[in-house]
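Following: one structure in structure tokens, then a few remarks.
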Amino acid sequence: MKLVNLFFLTLLIFTGCSQSKISTQKEKKQAIIFDNLILQQSYEYLQTLPKSYSYTNATYSYIGHSGQTTVTVKDDVIVKREFKEGMFNDLKTIYIENKKDLNKNKKGFPPKKLEALYAQCDKEVLTKDKNENKIYLTFEKRVLKSCIYVPINCADDCSKGIYFSNVTFN
């Protein structure tokens with residue numbers, strides 16, 4: 001009797017898993033469509049906003065190292081990049097680049113306009129295999145705030161993609 005119960009329990013587990021996998025595959029395809037649609041709607045909204053703004057990209061390590069890059073765009077042209085770094089929230093300014101010397105320094109987030117960040121999200125993050133990665137999109141006031149992927153079996157400092165905050169339109 002115990003052997004029969006074990007057989008039915010095993011059969012139930014494997015049958016349930018295969019149905020769950022099919023459902024999960026459908027959900028992942030729907031999630032890809034939804035992610036692309038919501039990003040497209042946010043991009044269209046971005047096109048209606050002023051072309052002068054600033055945003056900050058911040059990175060944090062689990063051991064406490066932090067970096068923060070602020071990019072300023074005026075009349076649709078990148079005019080400034082400021083980079084700070086340190087431990088936890090004790091950040092010191094490392095450099096300030098103006099329009100004429102952008103990209104002179106290697107440290108920090110590369111200066112990009114928001115449209116380029118949306119394109120990067122679409123090409124480098126939303127195309128990742130959802131069977132191997134979790135994908136996260138966040139928005140603030142309808143503007144993209146983060147677009148990242150995290151390998152499913154990763155433990156620390158694994159997220160890749162773009163993060164930015166403090167988007168201020170002038």
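The values are calculated or read from the model by the stated rules, or taken from the named source; none is laboratory data. Keep in mind that what you see is a predicted model, and the values were worked out from it rather than measured. We place every Cβ from the backbone using ideal geometry, glycine too, and count neighbours over all the protein chains shown. These accessible areas exclude ligands, DNA and RNA; they are computed on the full protein's heavy atoms, side chains included. Shrake-Rupley method; radii C 1.70, N 1.55, O 1.52, S 1.80 Å.
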On the basis of being in contact (Cβ under 8 Å) with a residue 24 or more places away in the chain, aliphatic (A, V, I, L, M) and farther than 17 Å from Gln40 by Cβ, does Leu117 make the cut?
no
Output the qualifying pairs, or none if there are none: Cβ atoms under 9 angstrom, residues six or more apart or on different chains, first residue in region 78-106 and under 19 Å from Ala116 (Cα atoms) and part of a strand (DSSP E or B), second residue of a type in the set (Lys, Arg) and open to solvent by 80 Å² or more (accessible area, probe 1.4 Å).
Ile78/Lys99; Val79/Lys99; Lys80/Lys74; Lys80/Lys99
Restricting the search to region 117-170, which residues are among the polar types (S, T, N, Q), modelled with pLDDT of 90 or more and under 24 Å from Gly64 (Cα atoms)?
Thr138, Ser146
Considering only region 152-166, I want to know if a residue exists there that is assigned to a strand (DSSP E or B), basic (Lys, Arg) and either open to solvent by 40 Å² or more (accessible area, probe 1.4 Å) or touching a residue at least 60 places away in the same chain (Cβ under 8 Å) (or both).
yes
For residues in region 97-119 being within 30 Å of Arg142 (Cβ to Cβ) and over 23 Å from the mean Cα position of the chain (by Cα), which is surrounded by the most Cβ atoms within 10 Å (Cβ to Cβ)?
Glu97
